[in-house]
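**Q** Pasting in a structure now, in structure tokens, and then I'll have a few things to ask.
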Amino acid sequence: MNIIEIRGLTKDYPLGKTIVHALRGIDLSIAKGDLVSVMGPSGSGKTTLLNVIGCIDLATAGSVKIGDRELTALDDKQVTDLRLHRLGFIFQTFNLIPVLTSTENVEFPLLLQKRLDRKEIRRRAEKLLDDVGLSEYRRNRPSELSGGQRQRVAIARALVTHPDIVLADEPTANLDSATGASILEIMKEMNAREQTTFLFSTHDKNVLKYARTVVNIKDGLIDGN
Amino acid sequence: MRLLLIISLRNLFRQKRRSALLGAAIAIGMAILVIANSFSHGISDLLFNRILAFVSGHVSVAFTQNGNAMRPYFRDGERLMETARRAFPEGSRVTEGVGLFSRAIGNGRSDNVILVGMDTRSKATKKQVADLKANFRMVQGRYEDLQRDDIENPVLVASDKAEYLKLRLGDAVKVRFQDIYGRSQAASLTVAGIFHPANVFMSAPVFLDLRVVRRLAGYGQHDIGQIYVTMPDPKAHAVEAADRLHGMLHPPLAAAFGRLEKAARGAGAQSAGVQAAVGRRAGTQPAAGEASVGQRAGAQPATVLGFRVDSSSLSGLSRLLKPYLPAAMDSLRRTDVLIDHALADSLGLHVGDRCLLRYRAKHDTGEGVADLKVTAVLADNPMVSGHAILVNDKDFYAFYYAEWPLAPTREQGAFLPDSGNALYPFLCREWNLLPRTRTTEELRRKYQDIPGMKSHATTVDVQTMYESASMVVKLEYALNLITLAAVLILFFIIQVGVINTLRMTIRERTREIGTIRAIGMQKSSVRSIFMLETFFLAWFACCAGLALAFVGMALLHLIPFHMEGNPLGMLLVDGHLYFKSNPWGIIAYLALILAIAVGTAWFPSRRAADLPAAEALRHYG
């Protein structure tokens, strides 16, 4: 069963006086529970593809479905809700909220959902921090953590809502190879344990071994699967 | 919401220097506003609550005879006092006020003073006693000495007045004045106490026991000078209560009912024209030549009513009565006394005859007597359905106020026209109730118009201190307006500060905004974060500003000013600036500042919330 169905996706955006054709007609299906790596050089359209799948950017044309929901038919509020309840994000630069502690950062999406009580939210956040090996850093703010630790907090934040899909844009780009490897190991482990679909972009061929499916992208087109 | 509060508060402390600078500007603005407001409110409080309330009450009922403010009395005093007590809320104090302008002669020097009566015997609340003590800080003697009977007319004198008149404790001071009847009088007072005046207004009067001033001024047992009412929270309730009292003081029709008899021809030394007798107190003997007491044979029950003589009323009544007046009379005159045909016939009265109405007086067990000279006999008419005499305003009030008649009833057989009777609008009332006014200017015009009323009725005027000194309210308003205008300029600068601060903040936090939007925060929540940040900044700054204002006021209050003889001295209390904070004013300023700050934050916050998440995440600031 496919969790993501993309047909004829194009994305153009203006850059000064010119129009950049970031995606030129992508067709892609991703099965639920897969661990997918989107490979390609810089400027190939990896991040744009992830942004469109993650509903933080709008497609110029084409169809994008998450489960049975067609993204192009949703308004801003519905798209925001979809992001909150069905998607998790891991960013290259971690993007933690600097004024919140590790635990609060992980709790953040659950607090926005307003579905669980405070105790359950705290329990889940702490459990996930334990899972990523940060139980000692619960009260630390992002500025007091190393890059690897921050990215682990980001992974915990992305997983805390039990999303259908976790999108990770170059999650290891700002980390040394050992730390990057540990992060990918965690993602692989979570994928296996939670059956969460992981889609991460990278230009590092060394990380391919962690992926079950590899999608090559070049000049805004799928170059091979 | 808790999440938004946490993020907003923590973000506020993230940029300490920027927040501190903007907060300081808001705090200073708030402090200026509060200090200026407290100063203007202090002036208003000083004049209204410490001076005017003390001198004339929050609400007063003033009386004049023929518009003469030097004749302030009302003959049926207790009745109006009782009405006033019913009109005001619990906690109000209704007292009689009497003041008398006089010339005081001290030891080798003289000066104008006002003799003010203090009601030392009525019950007072703790606050009223405290206010009194604050006004009378005795240097020598005691406030209670005003009640002493072993001292001749004891008075309290302000220390500077005592110094000017070279008076010491126990000294006699002579005063010359006119009593309420306009007669020149003199009296000797004894200095029973000297006090330090809390403000310049306490220097001019000398204070006596109310009973003493009443006696000196010539007030009778049932007379009253003025009514002063002090009440809780006068600013909120005084005008409303005064309006209520005014509504309760609408005067009823004035009428005297008794037995009318023909007086012996040539009796009484009456001058030419129609003359009214003066009512006579119970137990006094009839004037020489008057017919004897009313129960004698031939006396008829009759009602005497007054008619108005202002031009409009006189011409209206003339038109109304013309068909029933003797053919020789073209119109009604200001001096007429009209007797109805049946009554004249039954007593054998003709034009030029004198008659006496003997009636029950209200305040004494005896009778009042009205001595009237008939100027015309009215033919039978549908407006007068009983034995009645219509007397001109002047002659009517002359006997009416000399001996206030007991209110007649229809059951007794009195002729009391109701409002449906065509005569009704032209008939005299027990007093003239002046319309309520809202400003000092309206009040002044009202008193200017009294002579035009051509009435000898006592005027009754209900006023609050806010209209008798509306210029103080205007002064306070103007001061607040000037301050507000000045501070609004300051707040324009603050607005620019808020906008710039937020623009910088949003620019710095663009990626953060992209992140929280990507995670799933709605636009409205993003907007709220920035608005809450501004709200908290303004709130903390206002609190700091408030503290700063109170410290500032305390320090300013410590500075002594020497303004003796300077009119600006009225703004001081004991030679120091006087501030009185106004909680509602502070709340209003707080709300205004918060509204300006949050309102200013709205647009940058909305722009932050509308940032496309993908674009925000791409931002490198």
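The values are calculated or read from the model by the stated rules, or taken from the named source; none is laboratory data. Worth saying up front: this structure is predicted, and the values here are computed from it rather than measured. Every residue, glycine among them, receives a Cβ derived from its backbone with ideal geometry; neighbour counts consider all protein chains shown. The area values use the complete protein model at the heavy-atom level, side chains included, leaving out ligands, DNA and RNA. Shrake-Rupley method; radii C 1.70, N 1.55, O 1.52, S 1.80 Å.
**Q** So B:VAL377 fits all but one of (1) without any contact (Cβ under 8 Å) to a residue 60 or more places away in the chain; (2) outside any loop (DSSP other than H, G, I, E, B); (3) within 16 Å of B:ALA254 (Cβ to Cβ); what number is the exception?
**A** Answer for B:VAL377: the failing condition is (3).
**Q** Modelled with pLDDT of 90 or more, farther than 30 Å from B:GLU90 by Cα, crowded, with 20+ Cβ neighbours inside 10 Å and not assigned by TED's automatic domain parsing to the domain that holds B:SER92, is that true of B:ARG280?
**A** no
Here is a yes/no grid of residues against (1) farther than 23 Å from B:ALA547 by Cα; (2) away from chain A (no Cβ under 14 Å); (3) crowded, with 20+ Cβ neighbours inside 10 Å:
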| position | (1), (2), (3) |
| --- | --- |
| B:SER8 | yes, no, yes |
| B:ALA27 | no, yes, yes |
| B:ALA31 | no, yes, yes |
| B:PRO72 | yes, yes, yes |
| B:THR83 | yes, yes, no |
| B:ALA87 | yes, yes, yes |
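**Q** Next question, about the same structure. State yes or no: is A:ILE56 open to solvent by less than 10 Å² (accessible area, probe 1.4 Å), touching a residue at least 12 places away in the same chain (Cβ under 8 Å) and aliphatic (A, V, I, L, M)?
**A** no
**Q** Among the numbered conditions (1) touching a residue at least 40 places away in the same chain (Cβ under 8 Å); (2) open to solvent by 30 Å² or more (accessible area, probe 1.4 Å); (3) within 26 Å of B:ASP574 (Cβ to Cβ), tell me where B:THR120 comes up short.
**A** (2)
**Q** Could you please let me know if B:ALA538 is over 30 Å from B:ASN199 (Cβ atoms) and either open to solvent by 20 Å² or more (accessible area, probe 1.4 Å) or within 14 Å of another protein chain (Cβ to nearest Cβ) (or both)? Reasoning before the result, please.
**A** Working: over 30 Å from B:ASN199 (Cβ atoms): yes; either open to solvent by 20 Å² or more (accessible area, probe 1.4 Å) or within 14 Å of another protein chain (Cβ to nearest Cβ) (or both): no.
So B:ALA538 does not fit the description; no.
**Q** When the range B:596-621 is examined, which residues are found to be under 56 Å from the mean Cα position of the chain (by Cα) and open to solvent by 60 Å² or more (accessible area, probe 1.4 Å)?
**A** Residues satisfying the conditions are B:TRP602, B:PHE603, B:ARG606, B:ARG607.
Residues checked against (1) within 14 Å of chain B (Cβ to nearest Cβ); (2) open to solvent by less than 40 Å² (accessible area, probe 1.4 Å):
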| site | (1), (2) |
| --- | --- |
| A:ASN2 | no, no |
| A:GLU5 | no, no |
| A:PRO14 | yes, no |
| A:SER37 | no, yes |
| A:GLY40 | no, yes |
| A:ASP68 | no, no |
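**Q** Right, something else. Among the residues of the range B:573-595, are any among the β-branched types (Val, Ile, Thr), over 30 Å from B:PRO197 (Cα atoms), open to solvent by less than 60 Å² (accessible area, probe 1.4 Å) and over 28 Å from the mean Cα position of the chain (by Cα)? Even if it seems obvious, please write down each step before you answer.
**A** Going residue by residue through the range B:573-595, those that are among the β-branched types (Val, Ile, Thr) are B:573, B:586-587, B:593.
Next, only the ones that are over 30 Å from B:PRO197 (Cα atoms) stay: B:586-587, B:593.
The next check asks that each one be open to solvent by less than 60 Å² (accessible area, probe 1.4 Å); those that pass are B:586, B:593.
Remaining after also requiring over 28 Å from the mean Cα position of the chain (by Cα): B:593.
Yes, there is a match, as at least one residue in the range B:573-595 is among the β-branched types (Val, Ile, Thr), over 30 Å from B:PRO197 (Cα atoms), open to solvent by less than 60 Å² (accessible area, probe 1.4 Å) and over 28 Å from the mean Cα position of the chain (by Cα).
**Q** Let me ask something else about it. Could you please give the count of residues in the range B:204-234 that are open to solvent by 20 Å² or more (accessible area, probe 1.4 Å), in a loop (DSSP other than H, G, I, E, B) and in contact (Cβ under 8 Å) with a residue 12 or more places away in the chain?
**A** 7
**Q** Given the conditions (1) more than 30 Å from A:PHE91 (Cα to Cα); (2) within 14 Å of chain A (Cβ to nearest Cβ); (3) touching a His at 6+ places or on another chain (Cβ under 6 Å), and given that B:ASN582 satisfies all but one, which numbered condition is not satisfied?
**A** Of the numbered conditions (1) more than 30 Å from A:PHE91 (Cα to Cα); (2) within 14 Å of chain A (Cβ to nearest Cβ); (3) touching a His at 6+ places or on another chain (Cβ under 6 Å), the odd one out for B:ASN582 is (2).
**Q** So, one more: Specify the residue that is farthest from the other protein chains (Cβ to nearest Cβ); the eligible residues are those in the range B:479-524 that are surrounded by fewer than 20 Cβ atoms within 10 Å (Cβ to Cβ), polar (S, T, N, Q) and in contact with a helix residue (DSSP H, G or I) (Cβ under 6 Å, 6 or more places away or on another chain).
**A** Filtering the range B:479-524 for residues that are surrounded by fewer than 20 Cβ atoms within 10 Å (Cβ to Cβ), polar (S, T, N, Q) and in contact with a helix residue (DSSP H, G or I) (Cβ under 6 Å, 6 or more places away or on another chain), the one farthest from the other protein chains (Cβ to nearest Cβ) comes out as B:THR483.
**Q** List every residue pair whose Cβ atoms lie under 9 Å apart, where the two residues are 6 or more positions apart in sequence or sit on different chains, the first residue falls within the range B:590-618 and is more than 14 Å from chain A (Cβ to nearest Cβ), and the second residue, located anywhere, is not in a helix (DSSP H, G or I).
**A** Between residues of the range B:590-618 that are more than 14 Å from chain A (Cβ to nearest Cβ) and residues that are not in a helix (DSSP H, G or I), the close pairs are B:ALA608/B:ARG509.
**Q** Go through the range B:130-164 and give me each residue that's open to solvent by less than 60 Å² (accessible area, probe 1.4 Å) and part of a helix (DSSP H, G or I).
**A** Across the range B:130-164, the qualifying residues are B:ALA130, B:LEU132, B:ALA134, B:ASN135, B:TYR143, B:ASP145, B:LEU146, B:SER159, B:LYS161, B:ALA162.
**Q** Give the range B:429-452 a look and list any residue that's of a type in the set (A, V, I, L, M, F, W, C) and free of Cβ contacts under 8 Å to residues at least 40 places away in the same chain, or say none.
**A** B:LEU434, B:LEU443 - these are the residues of the range B:429-452 that are of a type in the set (A, V, I, L, M, F, W, C) and free of Cβ contacts under 8 Å to residues at least 40 places away in the same chain.
**Q** Would you be able to say whether some residue in the range A:75-91 is among the hydroxyl-bearing types (Ser, Thr, Tyr) and either more than 10 Å from chain B (Cβ to nearest Cβ) or more than 19 Å from B:ALA609 (Cβ to Cβ) (or both)?
**A** no
**Q** Residue check, B:ALA544 against (1) out of contact with any His (no Cβ under 9 Å at 6 or more places or on another chain); (2) assigned to a helix (DSSP H, G or I); (3) free of Cβ contacts under 8 Å to residues at least 24 places away in the same chain, all met but one. Which one?
**A** Single failed check for B:ALA544: (3).
**Q** Could you figure out which of (1) without any contact (Cβ under 8 Å) to a residue 24 or more places away in the chain; (2) over 24 Å from B:ILE35 (Cα atoms); (3) not aromatic (Phe, Trp, Tyr) isn't true of B:SER524?
**A** Unmet for B:SER524, out of (1) without any contact (Cβ under 8 Å) to a residue 24 or more places away in the chain; (2) over 24 Å from B:ILE35 (Cα atoms); (3) not aromatic (Phe, Trp, Tyr): (1).
**Q** Residues B:GLY108, B:GLY141, B:GLY182, B:GLY97: which one is farther than 27 Å from B:MET231 by Cβ, under 28 Å from the mean Cα position of the chain (by Cα) and not aliphatic (A, V, I, L, M)?
**A** Matching residue, one of B:GLY108, B:GLY141, B:GLY182, B:GLY97: B:GLY182.
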